[in-house]
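These notes are about the structure you will find just below.
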Amino acid sequence: MSTNAEIAARASNVLVSNYRQAPIALARGKGSEVWDADGKRYLDLYGGIAVSALGHAHPRLVKAIADQAASILHTTNLVYNEPSIRLAEKLVSFTRPTPDAAPLLSRAFFCNSGTEAMEACVKLARRRAFLAGENRRTRFLAFHNAFHGRSMGALALTGTPKYWEGFGCDVERTTHVAYGDLDAVSIALDSKQGEYCAIVVEPVQGEGGVLPAPAGFLRNLRTLATEHGALLIVDEVQTGIGRTGKWFGYQQTSVEPDAIALAKGLGGGVPIGAMLIREELNHVLTPGSHGSTFGGNPLATAAALAVVETMEEEGLLEHVVAMGQRLSEQLQNVAARHPLLFEGERGLGLLRGLLMRPTVEARTMLVAARAKGVLLSVASERVLRFTPPLNVEARILDEAAQLLDLAAASLDAPISETTLPSR
Ligand code: PLP
């Protein structure tokens with residue numbers, strides 16, 4: 001077995017240098033604990049950035065993957081495969097507004113990532129207008145600091161220039177306004193009547209800094225979208241599949257989207273994305289107009305099915321609410337004990353952020369936490385993001401809170417030296 005240092009040295013020779021990677025290689029995991037190539041143990045509070053819904057090596061997920069691999073891995077979409085149909089039936093059933101109601105979103109399209117799920121939404125919105133003869137309706141309304149993926153279409157919706165600068169993508173066809181600013185949305189829609197094909201929004205801005213939508217915001221967007229003949233597309237790539245304590249983040253309010261994008265936690269670590277749409281939009285993507293070689297492949301859909309069935313059987317939505325509350329309280333305590341470092345915490349369910357003071361970079365705390373054995377990610381420069389497995393145990397959160405306290409204490413002294421006025 002190679003060491004962390006050996007692996008990092010080899011990586012620097014062969015990998016494209018587009019990632020800022022920590023100098024460790026994770027070698028194995030169990031539940032919410034992982035071990036690096038040197039054998040050091042970490043508490044995994046980033047969960048592969050909201051991906052490892054069932055933690056690591058969950059026996060049910062391992063078995064589903066192994067069984068499917070031993071049966072048939074890939075079929076193409078030229079034929080049917082049952083795991084994808086069962087997964088689609090499950091996912092649409094989660095969109096029933098009440099147990100007896102019909103699903104709000106009754107059709108699923110499968111792909112391989114969040115970017116691709118958003119790309120499908122972009123194409124859906126544009127083509128719907130095209131088929132209706134509305135050729136001017138090609139514009140999107142999205143939000144500053146939003147993150148929707150890195151393909152040219154999804155990238156144009158992403159509301160942070162650093163992601164699209166230099167790539168020549170068509171950002172001109174997206175109007176970005178401040179998240180939460182309904183007046184700005186109205187002004188933008190009014191100023192280009194008949195041009196908007198969709199409003200695109202995250203229920204909680206994830207990459208943008210773990211910022212939940214203000215109360216009533218999504219509902220008002222729904223009203224405005226309908227008034228202006230635009231779709232309401234909700235990007236649930238980070239918030240979906242139980243992350244906020246509901247199957248989908250939009251279900252925290254009574255808003256009814258036209259389409260949602262899913263990925264991340266859906267496969268529990270196996271790459272898969274999905275777009276769910278309303279029945280009346282099913283005429284838009286006709287045979288041949290859109291597709292994916294791997295999308296809906298039996299391996300990925302069997303894994304995703306195991307994830308959502310396990311979540312149902314283990315009551316993980318309720319668990320997320322309880323653990324989210326516990327984590328929130330712990331982070332508030334950590335913030336209160338280290339006021340030079342932290343401003344506070346925010347989030348929904350198990351998507352939570354610890355806000356740094358403007359003078360402290362979140363990355364500094366990320367490195368300190370890693371040294372103490374807690375893995376986290378950063379969302380915007382100023383927010384430390386917590387997206388643990390949805391089945392994280394209370395004992396893991398409690399241990400992590402103690403380690404974060406120690407990590408923060410290791411930064412307190414140097415920070416107070418630089419921020420206290422000199423005498
Ligand atoms: N949309 C949101 C809200 C995301 O958080 C992400 C990834 O972080 C994406 C889309 C893109 O997903 P992927 O990285 O799977 O392509």
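Taken together, the values in this text are just the output of simple stated rules run on the coordinates, not laboratory data. Because the structure is a prediction, the values reported are computed rather than measured. Cβ coordinates were reconstructed from backbone atoms using ideal geometry, including for glycine residues, and neighbour counts include every protein chain displayed.
Report the residue, chosen from ASN297, ASN145, ASN77, that carries the largest GNM mean-square fluctuation when the chain is represented by alpha-carbon nodes joined by springs under 10 Å.
ASN77
For TRP35 and SER93, calculate 0.36 nm times their separation in residues minus their Cα-Cα distance, and state this gained length in nm to one decimal.
17.2 nm
Considering only the other residues whose Cβ falls under 15 Å of the Cβ of ALA215, what net charge follows from Lys and Arg at +1 and Asp and Glu at -1?
The answer is +2.
On a straight-distance basis, which lysines could pair with LYS90 in a cross-link, Cα separation under 24 angstrom, same-chain partners fewer than 8 positions away excluded?
LYS63, LYS246, LYS264
Convert each backbone phi in region 295-305 into a coupling constant with the Karplus relation 6.51 cos²θ - 1.76 cosθ + 1.60 (shift: θ = phi - 60°), then list the ³J(HN,Hα) values in order as whole Hz, x for Gly and Pro.
Listing the rounded values in order: x, x, 5, x, 5, 5, 6, 5, 5, 5, 4 Hz.
For ALA57 and ASN135, compute 0.36 nm times the residue count separating them, minus their Cα-Cα distance, and round to one decimal in nm.
Here the segment from ALA57 to ASN135 would lengthen by 23.1 nm.
Return the long-range amide H neighbours of GLY245 (sequence gap of 5 or more, or a different chain), with a cut-off of under 5 Å between placed amide H atoms.
LEU350
So for VAL62, VAL122, VAL270, fewest C-beta neighbours within 10 Å to most, what's the order?
With the fewest neighbours first, VAL62, VAL122, VAL270 line up as VAL62, VAL270, VAL122.
Which angle from 0 to 90°, rounded to the nearest 10, does the C-alpha axis of helix 82-93 make with the longest principal axis of the chain?
Helix 82-93 sits roughly 90 degrees off the main axis of the chain.
List every residue whose amide H lies under 5 Å from the amide H of VAL374, counting only residues 5 or more places away in sequence or on a different chain, with H placed 1.01 Å from N in the peptide plane.
Counting only residues 5 or more places away or on other chains, the set is LEU43.
For the pair GLU280 and GLU381, what calculated FRET efficiency results from E = 1/(1 + (r/R0)^6), where r is the Cβ-Cβ distance and R0 = 35 Å, to the nearest 0.05?
For GLU381 and GLU280, the calculated efficiency is 0.25.
For ALA259, list long-range residues whose amide hydrogen, built 1.01 Å from N in the peptide plane, is under 5 Å from its own amide hydrogen.
Amide H neighbours of ALA259: LEU232, VAL234.
How big is Rg to Rh over the chain, alpha-carbon atoms, Rh as the Kirkwood inverse-mean-distance radius?
0.97
Picking from GLY194, GLY39, GLY180, which is most flexible by a Gaussian network model of the chain using Cα springs under 10 Å?
GLY39
Thinking of region 72-313 as a set of Cα atoms, what percent of all their pairs are more than 29 Å apart?
Of all Cα-Cα pairs in region 72-313, 23 percent lie more than 29 Å apart.
For a Förster distance of 51 Å, can you work out the FRET efficiency between the beta-carbons of ALA371 and ALA102, rounded to the nearest 0.05?
About 0.45, to the nearest 0.05.
Counting other Cβ atoms within 10 Å, keep those with at most 15, restrict to DSSP loop, and tell me which GluC sites (Glu not before Pro) in region 99-160 are left.
Listed in order of number, the matching sites are GLU134.
Summing +1 for each Lys or Arg and -1 for each Asp or Glu, what net charge is found among the other residues whose Cβ lies under 12 Å from the Cβ of ALA154?
Net charge around ALA154: -2.
Whole-Hz ³J(HN,Hα) for each residue in region 390-403, computed from phi via Karplus 6.51 cos²θ - 1.76 cosθ + 1.60 with θ = phi - 60°, x for glycine and proline: what do you get?
Ordered by residue, 3J(HN,Hα) equals 5, 9, 4, 8, 4, 5, 5, 5, 5, 5, 4, 4, 5, 5 Hz.
What are the ³J(HN,Hα) values, in whole Hz, obtained from phi via the Karplus relation 6.51 cos²θ - 1.76 cosθ + 1.60 with θ = phi - 60°, for each residue of region 13-30 in sequence order, with x given for Gly and Pro?
Karplus-based 3J(HN,Hα) across region 13-30 equals 8, 10, 8, 4, 8, 8, 10, 9, 9, 5, x, 9, 10, 7, 10, 7, x, 8 Hz.
Which of CYS169, HIS148, PHE294 sits closest to the plus end of the dipole of region 72-313, meaning its Cα is farthest towards the positive end, when Lys and Arg get +1 and Asp and Glu get -1 on the C-beta?
Of CYS169, HIS148, PHE294, it is CYS169.
With label points built 7 Å along Cα→Cβ from the Cα atoms of ILE72 and GLN332, find their separation and express it in nm.
A separation of 5.3 nm, rounded to one decimal place.
Between ARG357 and GLU314, what FRET efficiency follows from the Cβ-Cβ distance if R0 is 51 Å, with the result rounded to 0.05?
For R0 = 51 Å, the calculated efficiency reads 0.85.
Which one, HIS148, HIS290, HIS58, has the greatest fluctuation when you compute a Gaussian network model over the chain with C-alpha springs under 10 angstrom?
HIS290
GLY114: net charge of surrounding residues, Cβ under 12 Å, Lys/Arg +1, Asp/Glu -1, itself excluded?
Once all neighbours under 12 Å are counted, the net charge is -4.
Tell me the label-point distance for the pair SER12, THR253, using the 7 Å Cα-to-Cβ offset, in nm and rounded to one decimal.
4.7 nm
Note down the relative contact order for the chain as a percent, whole number, built from C-alpha pairs under 8 angstrom at least six residues apart.
Taking the mean separation of contacting Cα pairs over the length of the chain, I get 21 percent.
Just for the Cα atoms in region 298-423, what are the lengths along the principal axes, largest first, rounded to whole Å?
Here the Cα extents, ordered largest to smallest, are 66, 26, 22 Å.
Where does helix 182-191 land angle-wise versus the long Cα axis of the chain, in degrees 0 to 90, nearest 10?
Long axis of 182-191 versus the principal axis of the chain: about 40 degrees.
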